[in-house]
């Protein structure tokens, strides 16, 4: 699933379940903060601008293709269109596979979530799909009726069923909560007669009952850090969409868009040639934001500046609204590698895997072609040393991918809040941290927006990897990974981590392999010294 942090808090007010947004940040961040320098700018970015000023001026670079394996990219965005990868061997729109790679009119990439009939938007979770697969065998069984050889699978099914039931109940409750809260807010705002009320408008409003008093109190708190329109869209509209999508699609055992929109033989993981050339898809917000962080045009004096200045973005659509399928991920990796990508960004993940072997084989293929894979760690505040997450660099049966970096999310203040509260971590499984809170980047329609998540931290590192490969093209993927990990800014203080219901202060070095935040300046200096 696309890894953007969703921030919702359920509250009960006078017996009515309401949903209020969680106040998320207390310090204003600077524009482009992820690329700023801790010493110069008092902001814990990765020193990209300092590197361009002091290390890269006058140096030559070669273009590097970065595969954005995601939910879609708006290739016409004003800040991306110049840096989109173009398959020069294809003649646009002629309906032919000119370069004979098996994909017709793949001008800017490929979409493995569609066909001539259209494209998949919503999907189920992998948990839902596995339960649907195993229900005929285990749904009406008990421990006494299951063969001894099937007992481990039966017990796993029971555990997953309990998790599914809990998730569905929480989703239904969340939908009820946010619907009730939205209706209550709408009613108050209608009485106020304002389309976009301010904090002052709510302050002067005289509640007509206790419920309206609670609404007033909540809104006054929320409008301290954002406008009413920002709150309404980000928390109420998006929150309603989020929970409705969980109930209708992600956790719906009867829902399966695959036959209608893709039409492949899903049982055949080796099937390669399906999909369409619509790399934007039904909702390209996530992938467009990721692409901008990596390489938004640094020369056009509009919008934002990506980390890397000589990159071509290849859009490979494999991640729907729901969990990605292993077959699509494997094919997305192979497509990007075969078409020249040297860095892949994978801002997605899930706790269950249908066919890990297929993904492992694709990762091994990428390793054999000197490609560096960058993946987001996830947003569940889990320790990945003990909690499974897929895909990952560890192969089924033993061994692991060498040129593979897993990234946690950090904030801009160098204190106990440096670890983003939502970010997964792991002393042996997460390699580094990078900026992932309030990252301002491109979204469809030539617009820009702040988003949070390890989804935003991963492309910061992918951009850094591409920058190194661009200016030092002789370095291998393994060398680039080694440089990124060895050049971090070490964090020598404790940070807050919520474990269960308790917030603990732990050394940052316990959260990842390197114990630090990636740094462009340090990495490029080290790259210049590496042979």
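Which of the residues belonging to the range 322-341 are surrounded by fewer than 21 Cβ atoms within 10 Å (Cβ to Cβ) and either touching a strand residue (DSSP E or B) at 6+ places or on another chain (Cβ under 8 Å) or part of a loop (DSSP other than H, G, I, E, B) (or both)? Let's see the steps before the verdict.
Filtering the range 322-341 down to residues surrounded by fewer than 21 Cβ atoms within 10 Å (Cβ to Cβ) leaves 334, 338-340.
Passing the criteria: 339, 340.
Restricting attention to the range 241-263, the residues that are assigned to a loop (DSSP other than H, G, I, E, B) and in contact (Cβ under 8 Å) with a residue 24 or more places away in the chain add up to 8.
The test for being buried (at least 24 other Cβ atoms within 10 Å of the Cβ) and either within 20 Å of the chain's Cα centre (by Cα) or in the same structural domain as residue 46 (by TED's automatic domain parsing) (or both) does not hold for residue 381. Within the range 200-233, being under 22 Å from the mean Cα position of the chain (by Cα) and more than 18 Å from residue 184 (Cβ to Cβ) holds for one residue alone: 230. Count of the range 366-394 residues, restricted to those that are touching a helix residue (DSSP H, G or I) at 6+ places or on another chain (Cβ under 7 Å), part of a loop (DSSP other than H, G, I, E, B) and closer than 20 Å to residue 424 by Cα, is 4.
Residues of the range 105-125 being surrounded by fewer than 21 Cβ atoms within 10 Å (Cβ to Cβ), touching a helix residue (DSSP H, G or I) at 6+ places or on another chain (Cβ under 9 Å) and closer than 25 Å to residue 291 by Cβ, which ones? Write out each step before concluding.
Looking only at the range 105-125, we keep the residues that are surrounded by fewer than 21 Cβ atoms within 10 Å (Cβ to Cβ), and these are 105, 107, 115-118, 121-122.
Retained after the next criterion (residues that are touching a helix residue (DSSP H, G or I) at 6+ places or on another chain (Cβ under 9 Å)): 115, 117-118, 121-122.
Answer for the range 105-125, where residues must be surrounded by fewer than 21 Cβ atoms within 10 Å (Cβ to Cβ), touching a helix residue (DSSP H, G or I) at 6+ places or on another chain (Cβ under 9 Å) and closer than 25 Å to residue 291 by Cβ: 115, 118, 121, 122.
Could you please give the count of residues in the range 220-240 that are without any contact (Cβ under 8 Å) to a residue 12 or more places away in the chain and more than 27 Å from residue 123 (Cβ to Cβ)?
At the first step, the residues of the range 220-240 found to be without any contact (Cβ under 8 Å) to a residue 12 or more places away in the chain are 226, 230, 233, 237.
Now drop any that are not more than 27 Å from residue 123 (Cβ to Cβ), which leaves 226, 230.
The number of residues fulfilling the criteria is 2.
If the condition is being buried (at least 24 other Cβ atoms within 10 Å of the Cβ) and touching a strand residue (DSSP E or B) at 6+ places or on another chain (Cβ under 7 Å), then the range 343-362 contributes 343, 344, 345, 346, 347, 348, 349. In the range 480-487, the count of residues that are in a helix (DSSP H, G or I), without any contact (Cβ under 8 Å) to a residue 60 or more places away in the chain and surrounded by fewer than 16 Cβ atoms within 10 Å (Cβ to Cβ) is one or more. Being in the same structural domain as residue 222 (by TED's automatic domain parsing), in a helix (DSSP H, G or I), at negative phi and in contact with a strand residue (DSSP E or B) (Cβ under 9 Å, 6 or more places away or on another chain): is that true of residue 181 here? Judged against the criteria, residue 181 is a match. Looking for something modelled with pLDDT under 95 and out of contact with any helix residue (DSSP H, G or I) (no Cβ under 9 Å at 6 or more places or on another chain) - is there at least one such residue anywhere in the range 42-51? Looking through the range 42-51, at least one residue is modelled with pLDDT under 95 and out of contact with any helix residue (DSSP H, G or I) (no Cβ under 9 Å at 6 or more places or on another chain).
Condition first: without any contact (Cβ under 8 Å) to a residue 24 or more places away in the chain and farther than 21 Å from residue 353 by Cα. Can you find one or more residues in the range 173-185 that meet it? Yes, that holds for at least one residue.
Residue-level check: of (1) in a helix (DSSP H, G or I); (2) modelled with pLDDT under 95; (3) in contact with a helix residue (DSSP H, G or I) (Cβ under 7 Å, 6 or more places away or on another chain), residue 196 misses just (1).
Residues that are under 25 Å from residue 472 (Cβ atoms) and over 17 Å from the mean Cα position of the chain (by Cα) were ranked within the range 272-303; the one that is surrounded by the fewest Cβ atoms within 10 Å (Cβ to Cβ) is 299. Within the range 62-70, is there a residue that is under 30 Å from residue 313 (Cα atoms) and part of a loop (DSSP other than H, G, I, E, B)? The answer is yes; a qualifying residue exists.
Residue by residue, here is whether (1) part of a helix (DSSP H, G or I); (2) at pLDDT below 95; (3) within 16 Å of residue 421 (Cα to Cα); (4) assigned by TED's automatic domain parsing to the domain that holds residue 372 holds:
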residue	(1), (2), (3), (4)
449	no, yes, no, yes
456	yes, no, yes, yes
460	yes, no, no, yes
465	yes, no, no, yes
492	no, no, no, yes
504	no, no, yes, yes
514	no, no, no, yes
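Quick check: anything in the range 305-315 surrounded by fewer than 24 Cβ atoms within 10 Å (Cβ to Cβ), in contact with a strand residue (DSSP E or B) (Cβ under 6 Å, 6 or more places away or on another chain) and not in a strand (DSSP E or B)? No - not one qualifying residue is present in the range 305-315. Taken as a whole, the range 95-104 holds no residue that is in a helix (DSSP H, G or I) and out of contact with any helix residue (DSSP H, G or I) (no Cβ under 7 Å at 6 or more places or on another chain).
The values are calculated or read from the model by the stated rules, or taken from the named source; none is laboratory data. This structure is a prediction, so every number in the text was calculated from the model and none was measured. Neighbour counts are summed over all protein chains in view; Cβ atoms, including those assigned to glycine, are modelled from backbone coordinates with ideal geometry.
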